[in-house]
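Here's the structure we're looking at; comments come further down.
The values are calculated or read from the model by the stated rules, or taken from the named source; none is laboratory data. Just so it is clear, the structure is predicted and the values come from calculations on it, not from any experiment. Cβ sites come from the backbone with ideal geometry, for glycine too, and all protein chains shown count toward neighbours. These accessible areas exclude ligands, DNA and RNA; they are computed on the full protein's heavy atoms, side chains included. Shrake-Rupley method; radii C 1.70, N 1.55, O 1.52, S 1.80 Å.
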Amino acid sequence: MTGRKVGIIGAGAVGATAAYSLSMMGTCHEIVLFDIVEGVAKGKAIDIGQSIHYSPIGTIVTAAETPADVKDCDIVVITAGVPRKGNMTREDLLMINAKIMKDVVNDIQKYSPNAVIICVSNPLDVMTYVIHKLTGWESNRIIGMAGALDGARMAYQIYQKLGYGAGQTGSLVMGDHGRNMIPLPQQVQVDSVSVAELLTSEEMEEIIERTKNGGAEIVKYLGTSGYYAPGRAIAHMVEAILNDSKTVVSSSAMLQGEYGYSDITVGVPVVLGSKGVEKILEIELNHEVEEKFRISVDSIRENINILKANKFFDKGKQ
Ligand code: APR
């Protein structure tokens, strides 16, 4: 991987914040933003470009006029999507966002055929599955960004309770990036000290609930979802891939027998390196977590089945 070029499809709040975070860290040589709404990518690219003056390493930030300009990227991050509005059903939203994935993925296959794709669009695990099926690429090259964010939210909650250990806390969240996510504070450590030694089980339960509610809490205050933590979480994954750092990050990955499941994308701890998902770590789950994981997988399958029932995956349809 020599170019260190990152494409970001969807220059909305999350996409642009990821670009800003990457350029402030000096992670890549070049970032190219694309958005379907005219002017959005251009305006954000200029604004971020002007911030580069104070960043440690210069990054070229450009806007793509057409999808063809997002070419030869090492990584393409997909944040394109529409939020649920008005009387849209869950099924409507699924079909709309899956159709967006179809357009976007078609272009990535044409113009950045060797890229690793990081999917951020929601519903995250389902959209990640859609990208696997549409591309047919090796499964290591398609990764869903979920655990990186949910884990950061859990670490934040642990820090809020303890008042120490910021940046030293593990961040294991498994399962789907939705109501059935499985934060596992009891499995993580603050430096080398198990959180189970530091917090009561009631406090742990509270952390689990607050982590699950992490996104909704921000919506309550802002009227829109968060973008700083998602943007930084994307940048963390991009850094791990471009630097080939073999970093463990919980991510939505295609299971092929791991944890007893196949043909499903769900959050599990993985090793990220230049090839994308270089290894899926299979950790021992107790019965309770195993059952939660099953519920989580089922909820993702339910949505995939809606797409199947609407013939989304049939060749020539949609
Ligand atoms: N190609 C390119 N960009 C697109 C397309 C498309 N086909 N369809 C929509 N977009 C763009 C929109 O114009 C918008 O600028 O995607 C952007 C999405 O940005 P926001 O609406 O600001 O949403 P954001 O908060 O950034 O979230 C992006 O991440 O967390 C998920 O659920 C969230 O799916 C959403 C995504």
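General observations
- Residue 171 vs. criteria part of a loop (DSSP other than H, G, I, E, B), at negative phi and buried (at least 17 other Cβ atoms within 10 Å of the Cβ): yes
- Filtered by the rule that a residue be hydrophobic (A, V, I, L, M, F, W, C) and either open to solvent by less than 20 Å² (accessible area, probe 1.4 Å) or modelled with pLDDT under 95 (or both), segment 26-51 gives 28, 31, 32, 33, 41, 45, 48.
- Selection of first residues in segment 55-66 that are part of a strand (DSSP E or B) and of second residues that are basic (Lys, Arg), restricted to Cβ pairs under 8 Å at least 6 apart or on distinct chains, gives the following pairs, ordered by first then second residue: 63/42; 63/44.
- Count of segment 52-70 residues which are surrounded by 14 or more Cβ atoms within 10 Å (Cβ to Cβ) and either within 15 Å of the ligand (Cβ to nearest atom) or polar (S, T, N, Q) (or both): 8
- Count - residues of segment 1-25 that are over 19 Å from residue 72 (Cα atoms), in contact with a strand residue (DSSP E or B) (Cβ under 8 Å, 6 or more places away or on another chain) and open to solvent by 20 Å² or more (accessible area, probe 1.4 Å): 0
- Taking segment 176-246 as the region of interest, the helices (runs of 4 or more DSSP H) fully inside it that hold 2 or more residues being without any contact (Cβ under 8 Å) to a residue 24 or more places away in the chain and either within 15 Å of the ligand (Cβ to nearest atom) or not β-branched (Val, Ile, Thr) (or both) are 195-198, 201-212, 214-222.
- Single match in 136, 144 (criterion: on the phi > 0 side of the Ramachandran plot and of a type outside the set (Val, Ile, Thr)): 136
- Test: residue 18 is within 11 Å of the ligand (Cβ to nearest atom) and in contact with an Asp or Glu (Cβ under 7 Å, 6 or more places away or on another chain): no
- Each residue in segment 283-318 was checked for being in contact (Cβ under 8 Å) with a residue 12 or more places away in the chain and in a loop (DSSP other than H, G, I, E, B), and 6 pass.
- Cβ pairs under 8 Å, 6+ apart, first in segment 266-282 and in a loop (DSSP other than H, G, I, E, B), second among the acidic types (Asp, Glu): 274/244; 282/258
- Scan of segment 21-51 for residues that are within 15 Å of the ligand (Cβ to nearest atom) and over 19 Å from residue 234 (Cα atoms), ordered by number: 36, 37, 38, 39, 40, 42, 43, 47
- For segment 177-198, the count of residues that are of a type in the set (S, T, N, Q) and exposed (fewer than 15 other Cβ atoms within 10 Å of the Cβ) is at least one.
- Residues satisfying the stated conditions in segment 265-284, i.e. out of contact with any Ser or Thr (no Cβ under 8 Å at 6 or more places or on another chain) and buried (at least 18 other Cβ atoms within 10 Å of the Cβ): 276, 280
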